[in-house]
Amino acid sequence: MSIPTAPTLALVGASRLHGEGPQAVRALGPVSLEIFAGELVAIMGPSGSGKSTLLALAGALDRPTEGRVLIEGKDLSRLSLAELASLRRRVIGFVFQDLNLLPGLTAIENVALPLELDGCALEEARGRALEELERVGLRDLANRFPDNLSGGEQQRVAIARAFVGPRHLLLADEPTGALDSVTGESVMRLLKSQCARGRTVVLVTHDAAHAAWADRVLFLRDGEIVDETIAESKLPRTVSRDP
């Protein structure tokens with residue numbers, strides 16, 4: 001994999017205020033960060049620290065009051081509403097705790113839906129969806145409805161939908177919160193394997209065991225990044241020499 005010329009995701013002094021004047025509430029910021037292709041970055045912090053607001057800005061679901069958000073070097077503030085919608089369909093995938101799978105569609109239909117909405121022909125969309133389901137180990141369950149899948153299997157369908165087609169930036173808000181520890185670990189292993197393919201994952205979690213899978217962990221408090229830890233495997237190695 002070639003070294004990217006720009007981070008997949010960058011926030012530059014990004015802030016988000018709700019309201020105006022003396023009653024304005026700062027939900028986030030200012031925050032600056034860079035996340036590159038192949039990284040799994042976890043975001044932790046207490047309730048109300050700005051984690052979900054950060055994901056909303058990163059996913060072009062909201063705009064910063066101040067500062068900039070860039071995806072692959074593109075300043076989102078310079079994009080039209082149509083261009084932002086295209087970005088969400090083709091570059092960004094979302095996975096949330098409640099999954100948002102459509103109960104009346106099978107697994108393969110749920111995964112193919114974003115491609116169909118983007119104008120992809122039905123046969124091609126289903127073919128790509130089946131490929132993505134195979135990557136998450138669910139090819140044999142492609143024709144099952146969500147209610148006939150376990151919680152972990154439903155989560156894998158949601159991850160396949162988030163990464164289907166050309167999408168390569170996944171934003172996940174507590175994706176393992178409703179899962180038992182064993183199933184949660186299997187989902188984290190799957191997310192890590194996606195990063196090994198050059199994809200980028202930004203994960204909000206309260207679970208330190210799941211955050212331990214990340215290359216970096218960012219800690220938010222009162223809307224600001226107050227600490228950062230880097231996985232030992234990512235730290236520069238020093239070589240000791242005998243005198």
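The values are calculated or read from the model by the stated rules, or taken from the named source; none is laboratory data. Quantities reported herein were computed from a predicted structural model and do not represent experimental measurements. Reconstructed Cβ throughout: ideal geometry from the backbone, glycine too, with neighbour counts over all protein chains shown.
Side notes on the structure shown:
- The stretch 161-213, residues that are among the β-branched types (Val, Ile, Thr) and assigned to a helix (DSSP H, G or I): 182, 183, 187
- Residues satisfying the stated conditions in the stretch 113-125, i.e. part of a helix (DSSP H, G or I) and surrounded by 15 or more Cβ atoms within 10 Å (Cβ to Cβ): 113, 114, 115, 116, 125
- Any hit, the stretch 63-82, residues being surrounded by fewer than 19 Cβ atoms within 10 Å (Cβ to Cβ), touching a residue at least 40 places away in the same chain (Cβ under 8 Å), closer than 18 Å to residue 204 by Cα and touching a Ser or Thr at 6+ places or on another chain (Cβ under 7 Å): no
- Put simply, of 110, 100 the only residue that is polar (S, T, N, Q) and either in a strand (DSSP E or B) or under 17 Å from the mean Cα position of the chain (by Cα) (or both) is 100.
- Only residues that are more than 24 Å from residue 206 (Cα to Cα) and either among the charged types (D, E, K, R) or surrounded by 21 or more Cβ atoms within 10 Å (Cβ to Cβ) (or both) were counted across the stretch 9-46, and they come to 1.
- Selection count, the stretch 15-53, where residues are in a strand (DSSP E or B), in contact with a helix residue (DSSP H, G or I) (Cβ under 8 Å, 6 or more places away or on another chain) and more than 16 Å from residue 219 (Cα to Cα): 1
Every residue, every condition in (1) out of contact with any helix residue (DSSP H, G or I) (no Cβ under 9 Å at 6 or more places or on another chain); (2) surrounded by 17 or more Cβ atoms within 10 Å (Cβ to Cβ), yes or no:
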| site | (1), (2) |
| --- | --- |
| 163 | no, yes |
| 166 | no, no |
| 171 | no, yes |
| 195 | yes, yes |
| 198 | yes, no |
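- The stretch 141-160: number of residues that are assigned to a loop (DSSP other than H, G, I, E, B) and either modelled with pLDDT under 90 or among the polar types (S, T, N, Q) (or both): 2
- Just one of the listed residues (200, 183) is under 30 Å from residue 32 (Cβ atoms), among the polar types (S, T, N, Q) and within 19 Å of the chain's Cα centre (by Cα), and it is 200.
- Number of the exception - residue 97 against (1) free of Cβ contacts under 8 Å to residues at least 60 places away in the same chain; (2) surrounded by fewer than 18 Cβ atoms within 10 Å (Cβ to Cβ): (1)
- Residues that are without any contact (Cβ under 8 Å) to a residue 24 or more places away in the chain, in contact with a His (Cβ under 9 Å, 6 or more places away or on another chain) and not acidic (Asp, Glu) do not occur anywhere in the stretch 26-46.
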